[in-house]
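> Sharing a structure below in C-alpha cells format, with a few things to ask.
The values are calculated or read from the model by the stated rules, or taken from the named source; none is laboratory data. Just so it is clear, the structure is predicted and the values come from calculations on it, not from any experiment. Please note: Cβ atoms are built from the backbone with ideal geometry, for glycine as well, and neighbour counts cover all protein chains shown.
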Amino acid sequence: MVTGLRAPLNVGDTLKLTMRFEKSAEQPVDVRVTPAFGPGPRR
C-alpha cells in the first residue's frame, strides 16, 4: 500500500520508493504504475 501521495497515479508513471525492513537495510526501488486489472504493456 502506498500512502501520502500528493497527486494521482497514472498508468506508466514511475515511483521511487524506499522499502524499510525490521532486520535489514532500507532498499530503494523504482515501481512502474500498471493498470489495476492486468500487467499492462511490456516495454
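> Mind listing just one residue for me: the one in segment 30-43 that is surrounded by 10 or more Cβ atoms within 10 Å (Cβ to Cβ) and modelled with pLDDT of 90 or more and, of those, nearest to the chain's Cα centre (by Cα)?
Within segment 30-43, the match that is nearest to the chain's Cα centre (by Cα) is VAL31.
> Taking segment 1-18, which residues are β-branched (Val, Ile, Thr) and exposed (fewer than 10 other Cβ atoms within 10 Å of the Cβ)?
Once the filter is applied, which keeps residues that are β-branched (Val, Ile, Thr) and exposed (fewer than 10 other Cβ atoms within 10 Å of the Cβ), segment 1-18 yields VAL2, THR3, THR14, THR18.
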